[in-house]
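**Q** Questions regarding the structure given below will be posed in turn.
The values are calculated or read from the model by the stated rules, or taken from the named source; none is laboratory data. None of these values were measured; they are calculated from a predicted model. Because the Cβ atoms are built from the backbone with ideal geometry, glycine has one as well, and the counts that use them run over all protein chains shown.
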């Protein structure tokens, strides 16, 4: 990061980089369609073997659309993206390890108790 | 007194070393932190979701069509939020207020839906004390709901600020953008929760 | 440019007091907030020290009867909570608050009211936790609150624990956001990241650690609270709740927490050593990157606190390796500190003594830490006094010595008077001797099997002599603190008046008067170098010897022209109001009095609304 102070971005500069309302609506429609597909998959027995990767993939797609467009990360400084990515990757990494320790441990996680 | 004028000018320009706005940077830092907050609760849920004791299982108690509708509502609230930001960037205070109210309304619908869902679950025998599944479910979705509620309060505050004429000028969009980021994040968290908690099947 | 005049009447009028109690309560000035943090932390230091003395009196002899087991559990729990959350962290924040803007050439932090809010959350959170002694019993489940014991312990203590730490966590998280934005965004022109003092770099890394670690313990504490108050099952073994979940969540926070406590002290030492060796820090880039590496790698070691819980050989080996690896960047720093001293013109002033003491004691603590990384050896060390020795060497010998180095170093800048050198040296040597007498023998009794967290021990174990020595050492430490207090009080009116730059130091805070004017810098400096102040004072001759360019500190005086035209943020009531509702909510939960919780929530909400709606008019200075 360089020495001289930079002016805060002026409003008119920002507007140039914004998607139009029409584009926002289009993205919202895509999000709604993806949600509908997710729910549909839930009910289709033929897809049951692939359901987890499919659902996760769709969730990631929705996540990315909201983050890049609605949260404007696609058009903003990379610094903001880094804060978010650090949080996400840190959470995935440490909790991935924690859950791996629980589920792969010799005794397994705490026993499933179902008195039924 | 050129130095004096320079000092005054330097302060007034709100220049920053990175060129990035202070409040926007602060919100992104906070959102990074929130990833860990929700990550901890989601992990706890993943650990405990099959421990149902003699209470209902996830599969038995979730009403997927119902929750899909409330998920759709929250998704659409992100659209109205970004349209609100777009409005104030065009200096249209009335459109801003309309879209803010729409967002708050959709948020309230979501919360109403959550409250109904929670009371239904309690009547069907799932409480925080029933099992670790119950505890982790209610705490995760409860905190998410609390975040939505705080968001609604902030949206209404923005509405009030706009009415009071405090969102005029080039700086007016900043608080809207800042609260918009929070709102979209809360929506994103629900995207994850809807998939991981409701849709992904348990044993 | 004219400023909007703040309304003088009505609920939202900004307060104007700059002096007196009201001035301190409504201040948003980072320097005043820093002093508030420091004084409050010192009060808690005394309380935590008294708890330690009580512990040592109980353990001075076998079968001690100074404290009952129940009382002992409260004392050692509160000693830990106090020293970690109410002393070391806030002392660090005190110095960060006062000096970040001064070292980067800014007039205040990015969010002055948020800064005040952090302080009040800390102060009121501390009051809330200590109120437990009077209202139901203090926390007694250890500062680490292991479940399910922490869930099952009767009384209010661990409920105070779960809520009090939550309030303190809010203070820390807000502070972290504030400092990150301040450091990234408010540096003077020319101050690139690689020209910042090492202390600022360490604060930046610390703030990132806080940002990502605090939410994890927040979740753990909420889960504990829900288990205790609402009969949830997170840690209920009968329902399949897993105590290890608590430990993972706690140590995912807890390990970054120890780096949060030590990195600022390392930063202080990295700025004190060069000043008193008249040399720049050896290997600036390496020290900075090592600090960042420690922050990053610190996320990969948490389960080394769980080696005795049956994680299995794969997890144990992985965490043993990561723990050994993290010693590497720490070693880099130590060698660079030694390299700074090597060939320098050393002046053994009090700050330097504490800084060198830090390095020596931290090496010892670090070495015992490395032995913990060896899993089979750790099995023996776990729950013994060997661990107590380790963490006191790094946290007392490390963090506290580093903080005192900073206090003696920066005292003249903060208060305008130098502390007495004679008394300072007496303090150092008494503390150094007392500290080693107290914690050195703990390595030995620990290896001999003396268990920790236990209120007494039998008389045929051969631990008697060591324990007596340790208690004597604790008393010596207490005397040394009294020396420091005496020094502070006596020099307040009669101490040598400090010039701007009494140590002939290197960084920007020494370029302004002592104490600094409210606006810090009359003109924001244009920075051309690392150690810019040094380079303005000294220019190298062709032979490479530095030559004094101008008379430096003595020339910098407070001006009659009080920086007219500099805009400073106005004081505000609302940070106090917003934070005041939090302990009220806490008491409401402890007594399950829901109207009280609602009342506290309302107060906080009103505080936040007031904060949002009050005029942002800045006053003309």
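**Q** What residue, of C:486, C:435, is under 26 Å from the mean Cα position of the chain (by Cα), in contact (Cβ under 8 Å) with a residue 24 or more places away in the chain, within 25 Å of residue C:397 (Cα to Cα) and crowded, with 19+ Cβ neighbours inside 10 Å? Can you show your working first?
**A** On the way: C:486 fails: crowded, with 19+ Cβ neighbours inside 10 Å.
After applying the criteria, what remains is C:435.
**Q** Continuing with this model, one more query. Given the conditions (1) touching a residue at least 12 places away in the same chain (Cβ under 8 Å); (2) farther than 13 Å from residue B:81 by Cα, report the number of the one that residue B:187 does not fulfil.
**A** Every listed condition holds for residue B:187 apart from (2).
**Q** Here are B:120, B:202, B:149: which of them is surrounded by fewer than 17 Cβ atoms within 10 Å (Cβ to Cβ), within 27 Å of residue B:40 (Cα to Cα) and modelled with pLDDT under 95?
**A** Working: B:120 fails: modelled with pLDDT under 95; B:149 fails: modelled with pLDDT under 95.
Selected residue: B:202, the only one of B:120, B:202, B:149 that is surrounded by fewer than 17 Cβ atoms within 10 Å (Cβ to Cβ), within 27 Å of residue B:40 (Cα to Cα) and modelled with pLDDT under 95.
**Q** It is to be established whether one or more residues within segment C:412-422 are surrounded by fewer than 24 Cβ atoms within 10 Å (Cβ to Cβ) and more than 25 Å from residue C:99 (Cα to Cα).
**A** Checked segment C:412-422: at least one residue is surrounded by fewer than 24 Cβ atoms within 10 Å (Cβ to Cβ) and more than 25 Å from residue C:99 (Cα to Cα).
**Q** Out of curiosity, is residue B:162 in contact with a helix residue (DSSP H, G or I) (Cβ under 7 Å, 6 or more places away or on another chain) and either part of a loop (DSSP other than H, G, I, E, B) or within 22 Å of residue B:60 (Cβ to Cβ) (or both)? Give the derivation first.
**A** Values: in contact with a helix residue (DSSP H, G or I) (Cβ under 7 Å, 6 or more places away or on another chain): yes; either part of a loop (DSSP other than H, G, I, E, B) or within 22 Å of residue B:60 (Cβ to Cβ) (or both): no.
In short, no.
**Q** Show me the helices (runs of 4 or more DSSP H) entirely contained within segment C:17-97 in which 3 or more residues are at pLDDT 95 or above and at negative phi. Steps first, please.
**A** Details: elements: C:20-25, C:30-59, C:69-81.
Those helices (runs of 4 or more DSSP H) span C:30-59, C:69-81.
**Q** Go through segment B:41-71 and give me each residue that's crowded, with 18+ Cβ neighbours inside 10 Å and within 7 Å of chain A (Cβ to nearest Cβ).
**A** Within segment B:41-71, B:43, B:46, B:47, B:50, B:51, B:52, B:53, B:68, B:71 meet the criteria.
**Q** Find the residue count for segment B:139-157, including only residues that are within 12 Å of chain C (Cβ to nearest Cβ) and either touching a residue at least 60 places away in the same chain (Cβ under 8 Å) or not in a helix (DSSP H, G or I) (or both).
**A** In the first step, residues of segment B:139-157 are kept if they are within 12 Å of chain C (Cβ to nearest Cβ); the result is B:139-140, B:142-143, B:146, B:149-150, B:153-154, B:156-157.
Still in the list and also either touching a residue at least 60 places away in the same chain (Cβ under 8 Å) or not in a helix (DSSP H, G or I) (or both): B:139-140, B:143.
The qualifying residues number 3.
**Q** Now for a separate question. Kindly indicate the residue of segment C:159-173 that is farther than 13 Å from residue C:586 by Cβ and more than 9 Å from chain B (Cβ to nearest Cβ) and also farthest from the chain's Cα centre (by Cα) among those meeting that condition. First the steps, then the outcome.
**A** If we filter segment C:159-173 for residues that are farther than 13 Å from residue C:586 by Cβ, which is where we start, we get C:171-173.
If we keep only those that are more than 9 Å from chain B (Cβ to nearest Cβ) too, we end up with C:171-172.
Details: C:171: 12, C:172: 10 Å.
My answer is C:171.
**Q** Moving on. Going by the structure shown, is residue C:123 surrounded by 19 or more Cβ atoms within 10 Å (Cβ to Cβ), touching a residue at least 24 places away in the same chain (Cβ under 8 Å) and not in a helix (DSSP H, G or I)? Talk me through it step by step, then tell me what you get.
**A** Values: surrounded by 19 or more Cβ atoms within 10 Å (Cβ to Cβ): yes; touching a residue at least 24 places away in the same chain (Cβ under 8 Å): yes; not in a helix (DSSP H, G or I): no.
So residue C:123 fails the test.
**Q** What single numbered condition from (1) out of contact with any helix residue (DSSP H, G or I) (no Cβ under 7 Å at 6 or more places or on another chain); (2) free of Cβ contacts under 8 Å to residues at least 40 places away in the same chain; (3) within 12 Å of chain C (Cβ to nearest Cβ) fails to hold for residue B:134?
**A** (2)
**Q** Can you name the number of the only condition in (1) crowded, with 24+ Cβ neighbours inside 10 Å; (2) touching a residue at least 12 places away in the same chain (Cβ under 8 Å) that residue C:233 fails?
**A** Checking residue C:233 against (1) crowded, with 24+ Cβ neighbours inside 10 Å; (2) touching a residue at least 12 places away in the same chain (Cβ under 8 Å), the one that fails is (2).
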